[in-house]
1. So, of the residues in the stretch 108-122 that are within 11 Å of E145 (Cβ to Cβ) and surrounded by 12 or more Cβ atoms within 10 Å (Cβ to Cβ), which turns out to be nearest to the chain's Cα centre (by Cα)?
2. Hey, can you tell me all the residues within the stretch 74-129 that are in contact with a Lys or Arg (Cβ under 9 Å, 6 or more places away or on another chain) and within 18 Å of Q57 (Cα to Cα)?
Amino acid sequence: MTKKFLVLATLAITVAWLSATWVEASFDFIFSNKDYERNLAVQAVVAPKEQLNELIQNTNINVDGIKQKTYKVIGKDSYIFVRVRNTANKAVWGTLSIRIENRKPVEIEIPFIGANHPEWCHFIIYDGGIIGKEKETPKVVVRWESLYAK
């Protein structure tokens, strides 16, 4: 009886896993829309803690300009600052991959952002890296691993 129970339990777990995989795959198929990326604005930069408040409060600052600045902060921890804006007619969510030169990529789950949402959604991740004296910020590359639009 124990052997029969184990076989049935294994079969039930396998069926449950296959069902969950199929549901997830169908979900991806229905809403996946990587082409929608062109309708979103994404900005990312590595910054010291002292600059985060300025970035959040002043949304007119383009982080591309900040990337060119040099920091005179010695031995301070750094943070990855990301902001996303959706001004198009579909709601979005997905996973952003943030790659900073010479480091492993960091993935950020972007929650549901409604359609025609002109405000920036901010995400701050503790990087732990050190920004040295007058060193330019590292290059940050942002890529959508998955993007869903509805």
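1. Going through the qualifying residues, I end up with I108.
2. Within the stretch 74-129, Y79, H117, P118, E119, W120, C121, H122, F123 qualify.
Where a number appears in this text, it was derived from the coordinates with a stated rule and is not lab data. Nothing here was measured: the structure is a model prediction, and the numbers come from that model. In this analysis, Cβ positions are derived from the backbone assuming ideal geometry, glycine residues included, and neighbour counts consider all displayed protein chains.
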